[in-house]
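The values are calculated or read from the model by the stated rules, or taken from the named source; none is laboratory data. In this text, all values refer to a predicted model and were calculated from it rather than measured experimentally. All Cβ positions, glycine included, derive from the backbone under ideal geometry; neighbour counts span all protein chains shown. Surface areas here come from the heavy atoms of the whole protein model, side chains and all, with no ligands, DNA or RNA. Shrake-Rupley method; radii C 1.70, N 1.55, O 1.52, S 1.80 Å.
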Amino acid sequence: MTRSLLELRNVDKIYGRGAGLFGSGRGGTYAVEGVSLSVRPGETLALVGESGCGKSTTARLALRLIETSGGEVLFDSKDVTRARGATLRSLRERMQMVFQDPFASLDPRMSVRQIIAEPLQVHRVKGDHRARVDELMALVGLRPDHAGRFAHEFSGGQRQRIGIARALALNPELLICDEPVSALDVSIQAQVINLMLDLRARLGLSYLFISHDLSVVRHIADRVAVMHLGRMIESGTKARIFSAPMHPYTRTMLSAVPQPDPGRRKPAVRIPATSGAIPGREGCLYRDRCPLASARCASERPQPRSVAEGHLVACHHAEEQAPFVLGQGGAVLTPGAQRRFELYVRKRAERSPA
Ligand code: ADP
């Protein structure tokens, strides 16, 4: 089996619990529930899903910026959730975060040199920090002679390059990137993504890449993990997820991505509006929106199961829609296939009413 650099095993994060004695208070909400994932050396795992599904929380748990409510986080087989002192510091050096807005939490009076050098100071790295900052700036395509400038003097794309340089200062093995290009114009997005691909190849980096933008994910990911309401519902290689998605939610999500070919732009399947209320955590959390939902989906939580090599799906009925779905281009149902599928679902409901 391939070694994992980062591994999450059945990780939970519950917010708002613990009001009672011994953390037994009720009323907590799951931001993340039973999430397992792994990032292997040199690969990019993209974490996708609509806003609020728990992607950022997962990233923060991996870095232990917040504590887990259950489960394990391992980095290079070492337990991050229990690490302390020097061990935790060393683990944190080896995985770094790239944020959507790298300057939100930084002092605007700091020069770029200070911003990039700060992790070197915090971690008391020996050596010539000035030379290291120059080297990092050149590495991300910035002019080292601009190091004395302030962040606001740079464009959005350049600012993200500064954020990446800062994240690379300690020579990490893994970058956890939380929507790193979402705030940028599309043309600039491509430049930053290309930089990230180039850095990955040159430095042997791995990425956990969080994005709600599937066209970005298509460009950068090796594998894709799909989250829905705090749970991991599907994961597999990029090719599998984009061309043979199995979970009805993944299919719906993919079919709503604008197609590059204008003739195919209209989505064949619409995402129904998410109802305001999150249903109870029993059963499948997608069942209210799912054409395949059955009585079993209300009572039994679907666990991720293997449907092909390296392809996991948490759905009791994943195989049933497959015969109706076009292979190429992913999840899209042609209008004819959509009608046949609806007929199939109606007949199935008549056979076994929920
Ligand atoms: P995403 O990154 O996919 O948009 P998040 O991980 O930010 O999702 O959020 C997942 C869920 O957890 C959301 O319902 C969000 O409201 C909730 N959440 C996030 N942070 C907190 C917090 N500090 N306290 C309470 N709830 C939170």
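Phi-derived couplings, Karplus 6.51 cos²θ - 1.76 cosθ + 1.60 at θ = phi - 60°, listed residue by residue for the range 78-91: 9, 6, 6, 5, 10, 5, 9, x, 5, 5, 5, 4, 5, 5 Hz, with x used for Gly and Pro. Going down the list Lys126/Lys238; Lys55/Lys347; Lys78/Lys238; Lys78/Lys126; Lys13/Lys126, which pairs span over 31 Å between their C-alpha atoms? Flagged as over cut-off: Lys126/Lys238; Lys55/Lys347; Lys13/Lys126. Based on protein heavy atoms only, the range 108-171 ends up with 52 Å² per residue of surface accessible to a 1.4 Å probe. Measuring with a 1.4 angstrom probe and ignoring ligands and nucleic acids, Cys315 comes out at about 10 Å² accessible. Taken along the Cα-to-beta-carbon direction at a fixed 7 Å, the label points for Val125 and Asp198 span 2.0 nm. Couplings 3J(HN,Hα) for the range 208-214, derived from phi with the Karplus relation 6.51 cos²θ - 1.76 cosθ + 1.60 (θ = phi - 60°), are 9, 10, 9, 7, 9, 9, 6 Hz, where x marks Gly and Pro. Axis angle, to the nearest 10 degrees, between helix 335-351 and the longest C-alpha principal axis of the chain: 60 degrees. Residues whose amide H comes within less than 5 Å of that of Gly42, counting only those at least five positions distant or on another chain, are Ser206 (H built at 1.01 Å from N in the peptide plane). For the chain, the antiparallel share of DSSP beta bridges with both residues in that region comes to about 60%. Since only Gly148, His212, Gln303 are under comparison, the one whose Cα sits farthest along the positive direction of the charge dipole of the chain, derived from C-beta charges on Lys, Arg, Asp and Glu, is Gln303. Could you check the spin-label model distance between Ser299 and Glu350? Points 7 Å from the Cα along Cα→Cβ, value in nm. Each label point lies 7 Å from its Cα, and together they span 2.5 nm. Note that the range 173-187 has calculated 3J(HN,Hα) couplings of 9, 10, 10, 9, 10, 9, 6, x, 10, 4, 8, 9, 4, 4, 5 Hz, one per residue in order, obtained from phi through the Karplus relation 6.51 cos²θ - 1.76 cosθ + 1.60 (θ = phi - 60°); glycine and proline are x. Computed in the context of the full set of protein chains, the accessible area of the chain at 1.4 Å probe radius has 52% of its extent on carbon or sulfur. Cα centroid separation, the range 140-175 to the range 183-259: 23 Å. Dividing the summed helix terms, -39500 (n - 2.57) for each DSSP H run of n ≥ 4, by the number of residues in the chain produces a 222 nm estimate of -9500 deg cm²/dmol to the nearest 500. Which longest run of the chain has no exposed loop site in it, a site being GluC sites (Glu not before Pro) in a DSSP loop with at most 13 other beta carbons within 10 Å, and the site itself not part of the run? With GluC sites (Glu not before Pro) excluded where exposed in loops, the chain gives 68-281 as its longest stretch.
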